Amino acid sequence: MRPGEAMRGAKGSRPPEGALPALTVAVCTRDRPDEMAGCLDALLGLDYPAVNILVVDNAPPDDAVRLLCQSRPGVRYRVEPRPGLDWARNRAILEASGDVLAFTDDDARVERDWARRIIEPFLEDPRIMAVGGLILPLELETPAQVRFEEYGGLSGGLEPIRLLPGEGWGARGLWHCALVAAHASGANLAFRTSVFSDVGLFDPALDVGTHTNGGGDTEMVFRVMAHGYGMAYQPRAVVRHRHRREEEGLRRQIAGWGSGMTAMLLRGMLTRPRAAWVLALVGAHGLFHQGLRFVRPGSASRRLVLTELRGTIEGPWRYLAARRRARTIARRFGPQVPERGATREVPPSASGSGSSATRAE
């Protein structure tokens, strides 16, 4: 397959129980026990024989989430005191016990067959190291939720995608990596746990709880592909997500899309200087499409476009501020290590850190 070539995913037959890999499902949360309860109930109903449910409580203000997890047999609870979503994701990596680590959000509800579906691409091709799934709205009850779906929502579409490295991967491959990584959202995203020993941990200077407010999930998928691994988008793995109910939350999320994108691209330029021109073109591509959306006749989303554009412009400066905050958090708390009794190898640390505690998307 040529770089960037998408192919229709084969449905395949149901694999035997013994062939299914062990799966850890991580939910990173902070101060939302009511949402967390519904999320855990859905996860405990998964039709999957080898699943470990891990809740990472990010800089918790009280014991509400811990007590909730104690009331749900089979749920493992960990605290990550370093504030920021990507710090919490890194805690999940360090504590994961399965062959595959999948992430979802506390305000998301997985379908009963979600685990089997998100595992399928890993079984079909050993080169696949990251898999994203379809995210549908859990409800459309407020104008903000409807506007979010009209703006594009979190869905990557209904067409399966496989992106595999090949000859001439180079700059052309990085272009496709950056674009296809947008099909991956942390509310419905899985990795082989072994890949983190090669590519490192999430960059805590990205995503919710930092100045950038986004980009951590997309950057990790981009990084996995840039290291020469494959990525799949599996629309049969369905999660339903409760979108922001209020206009203020919607605008904050859309601004985070913009700042997260350019923050992610700046990180790529800093870590891959030879690819800076490719990533600059990706950024220009995004700005061009934002401009087209703004001038489209009859567009009802111009205010949201301007919000995203402002975030896009501010993203690089926000990322630099988040990296400075990273070093402060790292000095205060020290390095992340697995809790006592864990046996997994600790992946290399990622640079940077976030600034405030996470509220998962």
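Within region 155-189, the set of residues being of a type in the set (A, V, I, L, M, F, W, C) and either modelled with pLDDT of 90 or more or farther than 19 Å from V221 by Cβ (or both) comprises L158, A187, L189. Exactly one residue among T312, T328 is open to solvent by less than 20 Å² (accessible area, probe 1.4 Å) and in a helix (DSSP H, G or I), and that residue is T312.
Table: residues versus (1) open to solvent by 10 Å² or more (accessible area, probe 1.4 Å); (2) among the polar types (S, T, N, Q); (3) touching a strand residue (DSSP E or B) at 6+ places or on another chain (Cβ under 8 Å); (4) more than 15 Å from L201 (Cα to Cα).
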| site | (1), (2), (3), (4) |
| --- | --- |
| D57 | no, no, yes, yes |
| Q70 | yes, yes, yes, yes |
| G74 | yes, no, yes, yes |
| R78 | yes, no, yes, yes |
| D99 | yes, no, yes, yes |
| F103 | no, no, yes, no |
| D106 | no, no, yes, yes |
| R109 | yes, no, yes, yes |
| A115 | no, no, yes, yes |
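Could you please let me know if F202 is part of a strand (DSSP E or B) and modelled with pLDDT of 95 or more? Judged against the criteria, F202 is not a match. Candidates are the residues of region 22-40 that are part of a helix (DSSP H, G or I) and not hydrophobic (A, V, I, L, M, F, W, C); the one that is surrounded by the fewest Cβ atoms within 10 Å (Cβ to Cβ) is D34.
Taken residue by residue, region 125-142 has no member that is in contact with a Lys or Arg (Cβ under 9 Å, 6 or more places away or on another chain), of a type in the set (D, E) and within 30 Å of R332 (Cβ to Cβ). Of all residues in region 124-137, those satisfying the criterion of being out of contact with any strand residue (DSSP E or B) (no Cβ under 6 Å at 6 or more places or on another chain) and open to solvent by less than 50 Å² (accessible area, probe 1.4 Å) are D125, P137. Of the strands (runs of 3 or more DSSP E) lying entirely inside region 68-136, those containing at least 3 residues that are of a type outside the set (A, V, I, L, M) and under 19 Å from the mean Cα position of the chain (by Cα) are 100-105. Within region 311-322, the set of residues being touching a helix residue (DSSP H, G or I) at 6+ places or on another chain (Cβ under 9 Å) and under 19 Å from W87 (Cα atoms) comprises R318, Y319, L320, A322.
Among the residues of region 315-325, the one identified as surrounded by fewer than 22 Cβ atoms within 10 Å (Cβ to Cβ) and of a type in the set (G, A, S) is A321. Here L140 passes the criteria (1) touching a Ser or Thr at 6+ places or on another chain (Cβ under 8 Å); (2) more than 16 Å from A42 (Cα to Cα); (3) open to solvent by 10 Å² or more (accessible area, probe 1.4 Å) except the one numbered (1).
The values are calculated or read from the model by the stated rules, or taken from the named source; none is laboratory data. All of these numbers come straight from a predicted model, not from anything done at the bench. Neighbour counts are summed over all protein chains in view; Cβ atoms, including those assigned to glycine, are modelled from backbone coordinates with ideal geometry. Surface accessibility is based on the protein's heavy atoms, side chains included, excluding ligands, DNA and RNA. Shrake-Rupley method; radii C 1.70, N 1.55, O 1.52, S 1.80 Å.
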